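Okay, structure first, notes after.
The values are calculated or read from the model by the stated rules, or taken from the named source; none is laboratory data. Predicted, not measured: the structure shown is a model, and the values here were computed from it. Don't worry about glycine lacking a Cβ; one is built from the backbone with ideal geometry, like all the others, and counts go over all protein chains shown. These area figures cover heavy atoms from the full protein model, side chains too; ligands, DNA and RNA do not enter into them. Shrake-Rupley method; radii C 1.70, N 1.55, O 1.52, S 1.80 Å.
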Amino acid sequence: QVQLVESGGGLVQPGGSLRLSCTASKIIFYTYTVGWYRQAPGKQRELVASMPAIGTIEYVDSVKGRFTISRDNAKNTVYLQMNTLKPEDTAVYFCNARFELDDFWGQGTQVTVSS
């Protein structure tokens, strides 16, 4: 059974940093497009960052210059480095891996930005 397991969420003050990790099992990880999504209370889930196996990385405008997505294919892991966090970044963050008809999700990790 495919699993995506996230870690690294938590409570941080505005201006702080967090790094999220997501490790996948039982997929040929390097072929997948991986991404991070987030869902705030009362809002729709939105794409934060996406990184294909080969190609252009995409970010939602609100995180450009602050967040960085990266991947380590040897460890089947995708990361999201989040700097200069703002209260509006508060959400549950989900990792995603997709390839052709496959579309897998992690369970989500809470990120709360508050003083």
For the structure I just gave you, tell me whether Gln110 is at pLDDT below 95 and open to solvent by 60 Å² or more (accessible area, probe 1.4 Å). no
Let me confirm something: among Thr31, Thr56, which residue is polar (S, T, N, Q) and closer than 12 Å to Asn73 by Cα? Thr31
Name the one entry in Ala24, Ala53, Ala74, Ala49 that is part of a strand (DSSP E or B) and either over 18 Å from Val111 (Cβ atoms) or at pLDDT below 95 (or both). Ala24
Among the residues of segment 43-70, the number that are surrounded by 15 or more Cβ atoms within 10 Å (Cβ to Cβ) and in contact with a helix residue (DSSP H, G or I) (Cβ under 8 Å, 6 or more places away or on another chain) is 3
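Conditions (1) assigned to a strand (DSSP E or B); (2) exposed (fewer than 14 other Cβ atoms within 10 Å of the Cβ); (3) among the charged types (D, E, K, R), marked per residue:
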site	(1), (2), (3)
Leu11	yes, yes, no
Pro41	no, yes, no
Leu85	no, no, no
Arg98	yes, no, yes
Filter segment 21-39 for residues that are over 19 Å from Val2 (Cβ atoms) and surrounded by 15 or more Cβ atoms within 10 Å (Cβ to Cβ) and give the result. Arg38
